[in-house]
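In what follows, a single structure is set out as C-alpha cells and then discussed.
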Amino acid sequence: MAEEFIDMKGHAPRELKRELALNYNLEQVVADLVDNSIDAGAQNVWIIYNEEEYNGSKSFFVAVIDDGKGIPDDKISSVMDFGAPREYDELELGKFGVGMKSSSLSQAKEITLLSKTNGGPINLRRLSSEVVIEKDRWTLIAKLRDHMDTEAISVAKRELAGLESGSAVVLEDMHKLQHRIGDNEHREEYLNAEYGHIKDYLGLVFERYIKGTSLLRTDGKEEYRQVNLFFNGKTEAHKIEPLDPFRIDMQDGTVTGTLSKKFTNIPLDDGETIHNIEMTIWITPNDKDRGGKYDQRMDRAARYSGISELQGIYVYRNERLIDFPGWKKILKHDPHMTCLRWELHFPPSLDDVFQLDPSKREVQLPRGLFEQFTKISRTSFRWHQDDEKTANHRARARARQGGKDKPKIPAPPPSSTSSSGSSSTSTSTATTPLPRSGGGYTTPSPTPLSKVTIKKLSGSITGQLFVSERTEGNALQITLNTQHAVYNEFIEAIKKE
C-alpha cells in the first residue's frame with residue numbers, strides 16, 4: 001500500500017494572531033534586527049524610534065537602518081518568508097530564519113524591508129497584517145498602499161538614498177508599545193524609559209562588537225568584527241556605549257578590584273567530538289565601588305529587575321550575549337552575591353547541544369557541563385594575594401559584598417638603636433601609633449619610594465585614565481587605562497618632562 005500524504009491546512013489570520021502575541025520585549029526585537037545588520041557586514045547601524053501618524057491615528061515606529069551589503073531583488077522576498085531555506089555561515093549571528101518576522105510581529109503589525117545593493121534602486125517588501133487578514137493567507141506586497149507611505153518609510157528611503165548599499169527594517173502600528181506607554185501625564189517619562197531599555201540592552205548584548213572583537217572559525221582562522229550603533233541620531237553623542245557585565249576595566253590588581261578565575265578546556269562530549277569549553281568566574285567590585293551609573297545601566301538593560309537579579313551565568317555565542325542572567329539551577333539566588341557573575345562561551349556548532357531556541361534568548365546547559373560547573377562552584381581558591389585563606393566563589397563574593405576584602409598594610413622596616421654596646425629592635429604596623437616621651441604619639445616613617453612602575457590595562461573607553469595606584473615595597477605602581485581618549489597624549493607629555 002502506497003504512503004498517503006495528507007496536507008495540513010493553516011489559517012493565516014489565526015497564525016498571525018499567535019505571532020502578534022509572542023513574548024518578546026522591544027529591545028530583544030531590535031537586537032534581532034541588529035544581528036541581521038552585523039551579518040550583512042554593516043559598520044554602522046542607526047536605530048530610530050519616534051512617533052508618527054499611521055492610518056489616521058498617532059502611533060510609534062522603530063526603524064533599524066544599516067550600511068551593509070544589502071539584499072538583491074531576487075532574494076528579498078525569501079528573506080521576508082518564514083523559514084525560507086538558507087545556509088548560515090558559522091560566524092553569523094542569525095540561526096533559524098524566523099527572527100525578523102516572528103520577533104518583529106510580536107511588537108508591530110506592519111513590517112517593511114527596504115534594501116539596495118551597489119548603488120542600485122531601493123527594493124521593498126512588506127509583511128502587512130492588514131493584507132494577511134484581507135487575503136486570508138500569508139502574502140507579501142512589493143508596492144505600498146497610499147496610507148502605508150508614512151513618515152517612517154520616508155525616513156528609511158531618505159537614509160538609504162545616501163548609502164551605496166544597505167537595508168532598513170521599519171516596524172509600524174506597534175500594538176504593544178501603545179499600551180505600555182499610554183496617553184497620561186507620565187507619557188514622556190515612560191517613553192524615555194523605553195529609550196533607556198533599548199540603549200543599555202544593546203550596549204550589553206553587543207558590547208564585544210561595539211568595542212571590536214575577533215571571532216574564531218573551526219579551522220583556526222580569526223575574523224574581526226566591529227560595529228557602531230547609534231540611537232536617534234548620527235553624531236558621537238548618539239552612539240550606544242558598550243556595557244560590560246563583568247567590569248573587566250576594574251581588574252587592576254588590587255584586592256578590591258575585579259577578581260576572576262578562568263577555566264579552559266572543560267570537556268563537553270556531543271556524541272561525536274570532545275569540545276573544549278571556556279568559562280570564567282568574575283567577582284566584580286561591590287556596589288559601592290562599581291559606581292551608581294554602571295548599576296543603573298545594568299538595571300535598565302534588564303528592565304529594572306533589580307541589581308541583585310543580575311547575578312548568574314552570562315552565555316555568549318559568537319561573542320554576542322544571548323542568555324542572562326540566572327544560575328541554571330547550579331546555584332540558588334542569594335541577595336549577598338550581587339557581584340558574582342559567570343561568563344560562558346559556546347560555538348554555533350553546539351547550538352543543538354545547548355538547545356538554542358529560535359528566539360536566541362535562552363539555552364539549556366548540557367548535563368555533562370552542568371555537573372562539571374557544579375563541582376567548580378564548590379572548589380576553593382586564593383582569589384588575591386592579600387586573601388588570608390582560600391574560599392569558594394560564593395564565600396568570596398559574600399566577603400566582598402560585606403566589605404571584608406581589605407588590603408593588607410605592609411609593616412615598616414625594622415628600626416634599630418644601640419646603647420652601651422647593646423641593641424634593640426621594635427616593629428609595628430603603619431596603623432599603630434608609637435608612644436614617645438612627652439605623652440604624644442607619632443607614626444612610623446613610611447618606606448621611601450625609589451621607583452615608579454606603570455601597568456597598562458586595556459579598559460573601557462568610558463573609564464578613568466588612572467585606574468589605580470598602589471605601593472609595593474619601595475615601588476609605586478600606577479595602572480593606566482590605554483583605551484582612554486587622552487592616554488597617548490598623557491604618555492607623550494610624560495616623556496617631554
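Rule-based calculations on the coordinates, nothing more; no lab input. Computed from a predicted structure; not experimentally measured. Note: ideal-geometry Cβ built from the backbone for every residue, glycine included; neighbour counts use all protein chains shown.
Were the residues from residue 456 through residue 364 laid out at 0.36 nm apart, the gain over their Cα-Cα distance would be 29.3 nm.
Nearest 0.05, what FRET efficiency do residue 154 and residue 185 give at R0 = 41 Å with Cβ-Cβ as r? Before the final figure, lay out each step's value.
Values: r = 31 Å, r/R0 = 0.75.
Given R0 = 41 Å and the Cβ-Cβ separation, E is 0.85.
Stick to Cα atoms and the Kirkwood definition of Rh, then tell me Rg/Rh for region 116-185. Value, to two decimals: 1.05.
Along its first, second and third principal axes, ordered by size, region 244-401 spans 45, 36, 26 Å in Cα coordinates.
If R0 is taken as 35 Å, the Cβ-Cβ distance between residue 270 and residue 234 corresponds to a FRET efficiency of 0.20.
Kirkwood Rh over Cα pairs of region 14-131 into Stokes-Einstein at 10 °C, 1.306 mPa s: D in µm²/s? Let's see the in-between values first.
On the way: Rh = 15.2 Å.
This corresponds to a translational diffusion coefficient of 105 µm²/s.
At q = 0.09, 0.14 Å⁻¹, work out log10 I(q)/I(0) for region 113-253 with the Debye formula, treating every Cα as an identical point scatterer and leaving solvent out; two decimals please. Summing over Cα pairs of region 113-253 leads to -0.46, -1.00.
Here the peptides 379-385, 32-38 are ranked by packing, the mean other Cβ count within 10 Å, and the order with the highest first is 32-38, 379-385.
Subtracting the Cα-Cα distance of residue 262 and residue 332 from 0.36 nm times their residue separation leaves 23.0 nm of extension gain. Listed by chain and number, the lysines whose alpha-carbon sits under 17 Å from that of residue 75, ignoring those within fewer than 8 places in the same chain, are 101, 116, 143.
Which aspartates and glutamates does residue 17 reach when only Cα atoms under 15 Å apart count, and residues fewer than 8 places away in its own chain are ignored? Within the straight-line limit of under 15 Å, residue 17 reaches these aspartates and glutamates: 110, 130, 134, 136, 173. Per-residue Cβ neighbour counts within 10 Å put 300, 290 in the sequence 290, 300, beginning with the fewest. What value does region 12-237 have for Rg/Rh, both radii from Cα atoms and Rh as Kirkwood defines it? Here the Rg-to-Rh quotient is 0.95.
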